[in-house]
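Just below is one structure, and these are the notes that go with it.
The values are calculated or read from the model by the stated rules, or taken from the named source; none is laboratory data. Being a predicted model, the structure only gives us computed values, none of them experimental. Glycine also receives a Cβ, built like all others from the backbone with ideal geometry; neighbour counts cover every protein chain displayed. Keep in mind that these areas ignore ligands, DNA and RNA; they rest on the heavy atoms of the full protein, side chains included. Shrake-Rupley method; radii C 1.70, N 1.55, O 1.52, S 1.80 Å.
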Amino acid sequence: MMFFPAPRIAIGLSAAVSLIALQVTAANAFDPTGNEVADAFLSVLDAQEGTVESYGSVSESGNAVTIQQLVIKDENDKDTSVTIASTVLTGGEFLDNGRLKLESLGLEKLDLNADDGGMSLETMSVTGLVLPSAKESAANASPVSPGYKTFDVKNIQVRDEDGKIADIQAISSSIDSMDGDLPTAGSFSLSGATIDVNELEVEEAKSLKDLGYETLTLDVTASGRWDPEAAIINIPELKIDAKDAASLSLALSLGGVTREVVEQLEEKSEKPEEAMALLQNVTVINAKIRLDDETLTGRILDQEAQKAGVEVPVYVAGLTGSLPLMLGMLQNKELEGQVAQAVTEFLTTPGSLQVVAAPATPVPFSQVMGTAMLAPQMIPQILSVGITANQ
């Protein structure tokens, strides 16, 4: 169970990282280097849909092996290739199960090129990395994730066929504790992801441009801890911060997350329907969603008020005046009053909006999903939802 997979903006990075992924074969298409650690590493890169086309020098100093000018090609797409100027494998050792363990893996100047774009990064560093054995490689059987302790990437550029889509200053991830092969605590961060609005899809770009954005800069942070004995997972904060726009954060505690559930979720990771079935007995202990506004709400209100041909205060008054009618569907007078008050305060003076679910006893997902299908208006009641603004 990976705590925090990379966001979609880093999709190009995942293609590069997949070079050390686990869909590999035992046969080697490259000329052996004569260095046991280097050859084992290159065997992993020589994947089913990839081939180690060439490498420059291979040298050893102490417990570090350096491979210069590594080139990997995609067997099914000759226009796709990855070049790595320098690859340093430190502290390589073979475990009893045949897997290769590295104290650290360091890459410098990686470039992924394809006919529909690509990506580049300045450096990537992974510690405590475990790569698959030859037997696992031949059987397409991957070691249980995560297979590393820390993961850090600096200065990434993602591009499509027309040019640069985004710059990312850094991505980092860490696995802080383990229960056997399963991670129990970890963190993730992405910083300085700057997106060129002009490179987005036409409709998306137009909406953002109309709000006055030419670029968007995002930071993402998250952390989580799972207690296998108590079967509880806590995510104290998962935050997406869009500079000069708004930030959205989520905090969550879930119960019923047993070892069996986590192991089966690993097995069903590519079968979403079966994975969802495993969550039936997982419970919601509490949850919080918070929006902190910078300028986004004001920009939207200005835009909509202009379309309506009125001043912003008049437009806001119209919106808030219609709230009682819209909120009647909740069939909960106390919550209707909370929502009306909070939304009115937020739209009048945009600051923050926070929704908290704090049921007296944990609520099973099965109950939440069943209620959502049969009586969605009851969801706020079974989860004891409350809402506040500008606090």
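Quick notes
Yes/no per residue for (1) of a type in the set (Val, Ile, Thr); (2) under 26 Å from residue 120 (Cβ atoms):
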site: 150; (1), (2): yes, yes
site: 157; (1), (2): no, yes
site: 174; (1), (2): no, yes
site: 180; (1), (2): no, no
site: 185; (1), (2): no, no
site: 196; (1), (2): no, yes
site: 214; (1), (2): no, yes
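- Any hit, region 229-241, residues being touching a helix residue (DSSP H, G or I) at 6+ places or on another chain (Cβ under 8 Å), open to solvent by less than 40 Å² (accessible area, probe 1.4 Å), closer than 30 Å to residue 164 by Cα and part of a strand (DSSP E or B): no
- Single unsatisfied condition, residue 269 versus (1) assigned to a helix (DSSP H, G or I); (2) under 34 Å from the mean Cα position of the chain (by Cα): (1)
- Flag if residue 177 is of a type in the set (Ser, Thr, Tyr), more than 15 Å from the chain's Cα centre (by Cα) and modelled with pLDDT under 90: no
- Every pair of residues 6+ apart whose Cβ atoms lie under 6 Å, when the first sits in region 70-91 and is open to solvent by 50 Å² or more (accessible area, probe 1.4 Å) while the second is of a type in the set (S, T, N, Q): 73/51; 73/81; 75/51
- Pairs, first free of Cβ contacts under 8 Å to residues at least 40 places away in the same chain and under 17 Å from residue 366 (Cβ atoms) in region 264-289, second among the aromatic types (Phe, Trp, Tyr) and open to solvent by less than 60 Å² (accessible area, probe 1.4 Å), C-beta under 9 Å, six or more apart: 276/365
- Against the list (1) without any contact (Cβ under 8 Å) to a residue 24 or more places away in the chain; (2) open to solvent by less than 50 Å² (accessible area, probe 1.4 Å), the condition residue 376 fails is (2).
- Residue 182, sole failed condition from (1) open to solvent by less than 40 Å² (accessible area, probe 1.4 Å); (2) without any contact (Cβ under 8 Å) to a residue 60 or more places away in the chain: (2)
- Within region 92-102, the set of residues being surrounded by fewer than 16 Cβ atoms within 10 Å (Cβ to Cβ) and either touching a residue at least 12 places away in the same chain (Cβ under 8 Å) or of a type in the set (Ser, Thr, Tyr) (or both) comprises 94, 95, 97, 98, 101.
- Only one of the listed residues (383, 347, 330, 335) is open to solvent by less than 40 Å² (accessible area, probe 1.4 Å) and in contact with an Asp or Glu (Cβ under 7 Å, 6 or more places away or on another chain). That residue is 330.
- Scanning region 243-266 for residues that are of a type outside the set (Val, Ile, Thr) and either in a loop (DSSP other than H, G, I, E, B) or modelled with pLDDT under 95 (or both) gives 243, 244, 245, 256, 259, 260, 263, 264, 265, 266.
- Test for residue 165: is it among the aliphatic types (A, V, I, L, M) and either at pLDDT 95 or above or closer than 22 Å to residue 278 by Cβ (or both): no
- Number of residues in region 350-373 that are of a type in the set (Gly, Ala, Ser) and crowded, with 17+ Cβ neighbours inside 10 Å equals 2.
- Among the criteria (1) closer than 30 Å to residue 222 by Cβ; (2) modelled with pLDDT of 85 or more, the one residue 35 does not fulfil is (1).
- Considering region 284-320, the residues that are of a type in the set (Val, Ile, Thr) and either at positive phi or in contact with a strand residue (DSSP E or B) (Cβ under 9 Å, 6 or more places away or on another chain) (or both) include one that is most open to solvent (accessible area, probe 1.4 Å), namely 289.
- Residues (small (Gly, Ala, Ser) and over 30 Å from residue 233 (Cβ atoms)) located in region 268-311: 298, 305, 308, 309
- Of all residues in region 201-227, those that are free of Cβ contacts under 8 Å to residues at least 24 places away in the same chain and surrounded by 17 or more Cβ atoms within 10 Å (Cβ to Cβ) total 1.
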